[in-house]
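First comes the structure, then the notes that go with it.
Bear in mind these aren't lab numbers, they're just calculated from the coordinates by the rules spelled out. These numbers come from a predicted model, not from an experiment. Glycine also receives a Cβ, built like all others from the backbone with ideal geometry; neighbour counts cover every protein chain displayed.
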Amino acid sequence: MSSTCGRKSRGDLEVTYEKSKSESGITIELDTTMENLYSNNIRKEIIETLKKLNVTDCIIKVIDDGALPYVISSRVEAAVRLNVEVSDER
């Protein structure tokens with residue numbers, strides 16, 4: 001089962017979350033208009049958000065068009081929460 005949040009529009013991104021069937025870690029498939037400049041920062045934001053949500057095994061597919069860090073983390077969190085119960089440690 002997978003879930004998708006967000007839009008493919010300027011300043012936003014679309015995130016699809018899918019739980020991995022085995023302990024394979026986190027796989028990020030990233031398509032961004034800012035590949036050379038921000039791909040590492042986007043990946044870091046995604047991983048930090050997943051760690052906060054205690055997600056260790058999943059596939060995240062992201063189509064980005066210039067989203068800011070708070071948008072990235074909120075879209076990732078929303079996609080995860082649609083699929084799993086998360087123990088929030090905030």
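Summary of computed values
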{"item": "Near pairs, Cβ below 9 angstrom, 6+ apart or cross-chain, from segment 38-49 (within 14 Å of residue 27 (Cβ to Cβ)) to any residue that is among the basic types (Lys, Arg) and in a helix (DSSP H, G or I)", "result": "none"}
{"item": "Members of segment 20-30 that are surrounded by 12 or more Cβ atoms within 10 Å (Cβ to Cβ) and over 12 Å from the mean Cα position of the chain (by Cα)", "result": "20"}
{"item": "Segment 56-84, residues that are within 16 Å of residue 29 (Cα to Cα), β-branched (Val, Ile, Thr) and either surrounded by 15 or more Cβ atoms within 10 Å (Cβ to Cβ) or out of contact with any strand residue (DSSP E or B) (no Cβ under 8 Å at 6 or more places or on another chain) (or both)", "result": "59, 60, 62, 63, 72, 76, 80"}
